[in-house]
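Enquirer: Here it is: the structure, laid out below.
The values are calculated or read from the model by the stated rules, or taken from the named source; none is laboratory data. As the structure is a computational prediction, the values presented were derived from the model and not from experiment. All Cβ positions, even for glycine, are placed from backbone atoms using ideal geometry, and neighbour counts span all protein chains on display. For accessibility, only protein heavy atoms count, side chains too; no ligands or nucleic acids. Shrake-Rupley method; radii C 1.70, N 1.55, O 1.52, S 1.80 Å.
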Amino acid sequence: MTKILRIDSSARDSGSISRLVGDHLEARLVAALPDPRIARRDLASAPLPHISNLTITGYYTPADRMTAELYNATALSDELIHELRSAEILILTAPMYNFSIPSALKAWIDQIVRIGHTFSYDGASFSGLLTGKRAYVVCAYGASGYAAGGPFGAANFVDPYLRFLLNFLGIEDVAFVAIEATTAGEEMLAANVAAAKLTIDSLLEVV
Ligand SMILES: Cc1cc2nc3c(=O)[nH]c(=O)nc-3n(C[C@H](O)[C@H](O)[C@H](O)COP(=O)(O)O)c2cc1C
């Protein structure tokens, strides 16, 4: 059995390019892997709450001093971390919103990045605790030029951020698929989606 966790974050439930290309990736993975099991989080149709004062207090309270109120405030984080830990493969789809990721995805990140659970700190350095996983990240950009070294590379706080964050958590095996110019017209969009699907097909030849 191969456990896959898919996280979608576009606010669009129709016409979303990140979801469309994510569907292609998921279909190819399902075809390539033995007995795949997929868990899903749609952060747009089922938004997660932002962390609160109590959540943060719970994150930093030692287990022997946790109260019922703090357990309650960190229960969702526990559940989301359990879901992520259980997965061998993570599929993340994300549009660029205002040069960064959607706030819905940031809300998930704030629930799963947690000291002692997904990373540790020994007083000198950090270690990611989610080792042994592979991640596929599909990013959709309305404009183009966001690749490293491109004219708008410095304005891209989507895939550099997600790469850093996943590495920080110990997920080092990360493949990115970018679809740029999604708002540039039908012809270019079709060509860029087709190119992204081909990239996925060649990535999955070696699964
Ligand atoms: C609120 C909002 C902010 C956006 N900001 C940017 C941006 O900063 N740069 C960009 O290139 N495209 C931007 N776009 C365009 C989206 O990145 C593009 O439409 C992408 O395809 C959205 O992903 P989706 O197709 O999966 O919904 C923005 C779109 C929205 C709705």
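Enquirer: When residue 153 is evaluated against the numbered criteria (1) under 11 Å from the mean Cα position of the chain (by Cα); (2) within 16 Å of the ligand (Cβ to nearest atom); (3) of a type outside the set (A, V, I, L, M, F, W, C), which criterion, by number, is the only one it fails?
Expert: Evaluating residue 153 over (1) under 11 Å from the mean Cα position of the chain (by Cα); (2) within 16 Å of the ligand (Cβ to nearest atom); (3) of a type outside the set (A, V, I, L, M, F, W, C) leaves (1) as the failure.
Enquirer: Pick from the stretch 162-182 the residues that are farther than 26 Å from residue 119 by Cβ and either crowded, with 20+ Cβ neighbours inside 10 Å or in contact (Cβ under 8 Å) with a residue 60 or more places away in the chain (or both): which of them is farthest from the ligand (Cβ to nearest atom)?
Expert: My answer is 178.
Enquirer: Kindly indicate which of 15, 22, 58 is more than 15 Å from the ligand (Cβ to nearest atom) and at pLDDT 95 or above.
Expert: On inspection, the qualifying residue turns out to be 58.
Enquirer: Just name the residue that is farthest from the ligand (Cβ to nearest atom) out of those in the stretch 105-141 that are of a type in the set (Gly, Ala, Ser) and surrounded by 14 or more Cβ atoms within 10 Å (Cβ to Cβ).
Expert: 128
Enquirer: Which of the residues belonging to the stretch 81-104 are within 16 Å of the ligand (Cβ to nearest atom), out of contact with any Ser or Thr (no Cβ under 6 Å at 6 or more places or on another chain) and open to solvent by less than 10 Å² (accessible area, probe 1.4 Å)?
Expert: Residues satisfying the conditions are 91, 92.
Enquirer: Mind checking whether some residue in the stretch 89-112 is farther than 29 Å from residue 142 by Cβ, small (Gly, Ala, Ser) and in contact with a helix residue (DSSP H, G or I) (Cβ under 6 Å, 6 or more places away or on another chain)?
Expert: Within the stretch 89-112 (the criterion being farther than 29 Å from residue 142 by Cβ, small (Gly, Ala, Ser) and in contact with a helix residue (DSSP H, G or I) (Cβ under 6 Å, 6 or more places away or on another chain)), the answer is no, since none of the residues qualifies.
Enquirer: Could I ask something else about it? Inside the stretch 1-12, can you point out the residues that are open to solvent by 10 Å² or more (accessible area, probe 1.4 Å) and either closer than 12 Å to residue 177 by Cβ or near the ligand (Cβ under 8 Å from one of its atoms) (or both)?
Expert: Passing the criteria: 11, 12.
Enquirer: Just to be sure before I move on: is residue 146 out of contact with any strand residue (DSSP E or B) (no Cβ under 6 Å at 6 or more places or on another chain), aromatic (Phe, Trp, Tyr), within 20 Å of residue 199 (Cβ to Cβ) and within 16 Å of the ligand (Cβ to nearest atom) in the structure I sent?
Expert: Yes, satisfied.
Enquirer: Which one is surrounded by the most Cβ atoms within 10 Å (Cβ to Cβ) among residues in the stretch 25-49 that are within 16 Å of the ligand (Cβ to nearest atom) and of a type outside the set (D, E, K, R)?
Expert: Looking at residues that are within 16 Å of the ligand (Cβ to nearest atom) and of a type outside the set (D, E, K, R), I get 25.
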